[in-house]
Every structure is written in C-alpha cells, then in structure tokens.
Amino acid sequence: SDRPRVLSGIQPTAGSFHLGNYLGAVRQWVALQESHDAFYMVVDLHAITVPQDPAELRANTRLAVAQLLAAGLDPERCTLFVQSHVPEHAQLGWIMNCLTGFGEASRMTQFKDKSAKQGADRATVGLFTYPVLQVADILLYQADQVPVGEDQRQHIELTRDLAERFNGRYGQTFTVPAPYILKETGKIFDLQDPAVKMSKSASTPKGLVNLLDDPKATAKKVRSAVTDTDTVIRFDPEKKPGVSNLLGIYSTLTGTAVADLEQKYEGQGYGALKTDLAEVMVEFVTPFRTRTQEYLDDPETLDSLLAKGAEKARAVAAETLAQTYDRMGL
Ligand code: ADP
Ligand code: NA
C-alpha cells in the first residue's frame, strides 16, 4: 500500500473508554482508516505495568476491542489486534531499552505522575520503561503518524529520538514518526475541574464521562459541568477553560465548527449550551452502548477477528524485527 501508515494503541484497563480517549484518539483512528494504512491495538502489555487481575484483564481486553468496533473501526479497513498476540513488541522493546539513556527515560513526565500516585516503592521497572515499549510498538510498523492525545506528545518525541539514533548507528531502519494531535480535542478536561485532563485516575466521578455509563447519568454530568461566572459563549481555553472544553466536545461530536457554535449561542446562556450538548451526548452514547454489547455477545467472532488481525500485524512486525536483529549483529 502506498498510503501513509498510522499506528496507535489504547489500554484495556479502563473498562469503559472515557470521552477523552474517544475524542482525543479513537475518533481520529476511525477517520484515518479511510485514508491511511492503519494499525490499531489494545495494549495489554502496557496494562500489566500495574497489578492486574487475570480474569479482569482478559475481559477488559475484549471490552476494549468491542468498543473500538462500536466506535466504527472496521477490520476490513484497518489492522486491529491485541499487543501481546504479537511477540515482536516485547522483543523490540528490549532492543529499545538498550538504546535509551537512563536519564532520558527518567525525564518522562507520565512516569513521574503515575509513580507518584502509586508510591515510588511500589512502581515497577515495567512502568518506568513503558514509554520505551511504546517506542517499539510504533517503530515495528514503520508508522508515519501516531494519532494520540496531547499527553502522549513527549513519548512520540522519544520515539523520534530513538529511531534517529538507531538509524544513525546501524543504518536506515526505522521510519521517524510524527504525532497526529488535533487542536480542539487533543486534551479533553474534567467536567468539574477544567484545569485537569479527563482521566480514569485523576478525574472526579462527576467530571469523568464514561461512554458505557447510563446515558441519563451522562446527560446530568454535562448539565452540571463547571463553567465560569461570565456569560459569553466563546472558545478561549486560557480564560474560559470550562466553556471551551464543552465547545470542543460539542464541535467534534456534531462536526460543527467552533465558530459556528459561538454564533449559534450568541446572546444565550450557558444553560442552553449544556442542555443541547447533553442531548448530543445521549444521542452518541446510546447506540455506542448497544453496539458494544452486541460485539461482546459474540465472542467467537471477536476472537476470530483478533486472530486475523494478529496475523496481519505479525507479518509487518516480524520483518522489521528481523532487519533490526540483522543490523545489530544478533
Ligand atoms: P488514560 O490516559 O485514560 O490512561 P490511555 O493511556 O489508554 O488512557 O490513552 C488512550 C488514548 O487516549 C491516548 O492516545 C491518550 O492520549 C488519549 N487520551 C487520554 N485521556 C485524554 C484526554 N483527557 N483528552 C484527550 N485525549 C486523551
Ligand atoms: Na494516556
């Protein structure tokens, strides 16, 4: 295929995806499968950087795949697989560990955040090197672009550095990838605290929108979102983070430009914006929940689709790994 290649992954730990996962990443994945040679995976090896119950992990991996299909990924248009089904990830991960400086890895802010949450003594070496495994995830597929949320920018930067380092030392081997991050949805914020990004671990229950929650509860969360004491509906992330967050979500879910929304709500209060967005959200999550359940109800189809995905992914990954080993004298 002469189409540019994209690769991205999502953790299975979350259970339900949240709105930030969907708008920051998954939604772009769906769009890019039409124009790109797309590889998407559920990154279960990343999930085990923190303790996991085996049965729950297995169920969450299936649930993640079901949600990706419900969101619109089509296995005929993209390669959809589970990371641990392709052993080359762990193999290239080790190579990349040996190429990464300890200080370089220590500068990854996500590790600082995540390990601080767990207590430094409980954090694993796996959590520390998880960005390096992510580097391998991307380089294995020679990806040109990586559609992710803003929080992943530093890891893509590390990926570029390591690709260039390897190419410089051993000869041209890896494509140097670029991040693909959209301005309006690269960072979705907590509905109760628009200074904090929406996330499973950091959000308040009322500020986190899980896509599989009861739609009525989701509508309520949107209607009680924190805004500001001003009344003007304008996109200004710095001065009006709450309102801008809502406008970004609204714009992306409906395909309406933010400027058009500003115009539509001119002279109206925040209540009108929230009520309408609550309705938009309900219209989105209701069929999403139904479709996810339909995929979960058919585990045989799910498994056979994942087996095919792993086979397609492995063909590419094995070729890159063989070349890498060869270049290094392994
Ligand atoms: P989480 O960040 O909730 O632990 P993942 O690490 O699995 O979830 O992230 C999956 C994708 O979702 C990544 O591309 C990440 O950048 C994106 N993402 C996560 N939270 C947000 C957010 N609040 N806004 C935009 N994108 C996000
Ligand atoms: Na993340």
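The values are calculated or read from the model by the stated rules, or taken from the named source; none is laboratory data. Given the structure is predicted, the values throughout are model-derived calculations rather than measurements. FYI the Cβ positions are ideal-geometry reconstructions off the backbone, even for glycines, and counts take in every protein chain you see. The accessibility values were calculated without ligands, DNA or RNA, using every heavy atom of the protein model including side chains. Shrake-Rupley method; radii C 1.70, N 1.55, O 1.52, S 1.80 Å.
Data for the structure
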| item | result |
| --- | --- |
| Among (1) without any contact (Cβ under 8 Å) to a residue 60 or more places away in the chain; (2) not in a helix (DSSP H, G or I), the one test that residue 201 misses | (1) |
| Lone unmet requirement of (1) crowded, with 22+ Cβ neighbours inside 10 Å; (2) touching a strand residue (DSSP E or B) at 6+ places or on another chain (Cβ under 6 Å) for residue 5 | (1) |
| Options 67, 33, 52: the member that is more than 15 Å from ligand 2 (Cβ to nearest atom), surrounded by fewer than 18 Cβ atoms within 10 Å (Cβ to Cβ) and farther than 22 Å from residue 322 by Cα | 52 |
| Unmet criterion (only one of (1) within 16 Å of ligand 1 (Cβ to nearest atom); (2) open to solvent by 50 Å² or more (accessible area, probe 1.4 Å); (3) without any contact (Cβ under 8 Å) to a residue 60 or more places away in the chain; (4) not in a helix (DSSP H, G or I)) for residue 13 | (3) |
| Extreme residue, farthest from ligand 1 (Cβ to nearest atom), among residues of segment 17-30 that are open to solvent by 20 Å² or more (accessible area, probe 1.4 Å) and within 21 Å of residue 305 (Cα to Cα) | 30 |
| Residue in segment 81-100 that is of a type in the set (Ser, Thr, Tyr), touching a helix residue (DSSP H, G or I) at 6+ places or on another chain (Cβ under 7 Å) and in contact (Cβ under 8 Å) with a residue 60 or more places away in the chain present | yes |
| The listed residue being at pLDDT 95 or above, touching an Asp or Glu at 6+ places or on another chain (Cβ under 6 Å) and not polar (S, T, N, Q), out of 77, 62, 58, 5 | 5 |
| Test: residue in segment 158-171 that is open to solvent by 40 Å² or more (accessible area, probe 1.4 Å), within 13 Å of ligand 1 (Cβ to nearest atom), in contact (Cβ under 8 Å) with a residue 24 or more places away in the chain and acidic (Asp, Glu) | no |
| Answer from 110, 134 - the residue that is modelled with pLDDT under 95 and open to solvent by less than 30 Å² (accessible area, probe 1.4 Å) | 110 |
| Any hit, segment 141-151, residues being in a helix (DSSP H, G or I), modelled with pLDDT under 95 and within 16 Å of ligand 2 (Cβ to nearest atom) | yes |
| Checking residue 233 against (1) part of a loop (DSSP other than H, G, I, E, B); (2) among the hydrophobic types (A, V, I, L, M, F, W, C); (3) under 22 Å from residue 10 (Cβ atoms), the condition it does not meet | (3) |
| Those residues of segment 176-205 which are open to solvent by less than 40 Å² (accessible area, probe 1.4 Å) and away from ligand 1 (no atom under 14 Å from the Cβ), in sequence order | 178 |
| Filtered residues of segment 85-105 (kept if assigned to a helix (DSSP H, G or I) and open to solvent by 40 Å² or more (accessible area, probe 1.4 Å)) | 85, 90, 91, 94, 97, 102 |
| Within segment 206-255, considering residues that are in contact with a Gly (Cβ under 8 Å, 6 or more places away or on another chain) and hydroxyl-bearing (Ser, Thr, Tyr), the one farthest from ligand 1 (Cβ to nearest atom) | 231 |
| Residues of segment 31-40 satisfying the condition of being of a type in the set (Gly, Ala, Ser) and either within 11 Å of ligand 1 (Cβ to nearest atom) or farther than 20 Å from residue 136 by Cα (or both) | 31, 35 |
| Condition met for residue 115 (part of a loop (DSSP other than H, G, I, E, B) and within 15 Å of ligand 1 (Cβ to nearest atom)) | no |
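To keep it simple, each residue is scored yes or no on (1) within 23 Å of the chain's Cα centre (by Cα); (2) open to solvent by 40 Å² or more (accessible area, probe 1.4 Å).
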residue: 236; (1), (2): no, no
residue: 265; (1), (2): no, no
residue: 284; (1), (2): yes, no
residue: 287; (1), (2): yes, yes
residue: 306; (1), (2): yes, no
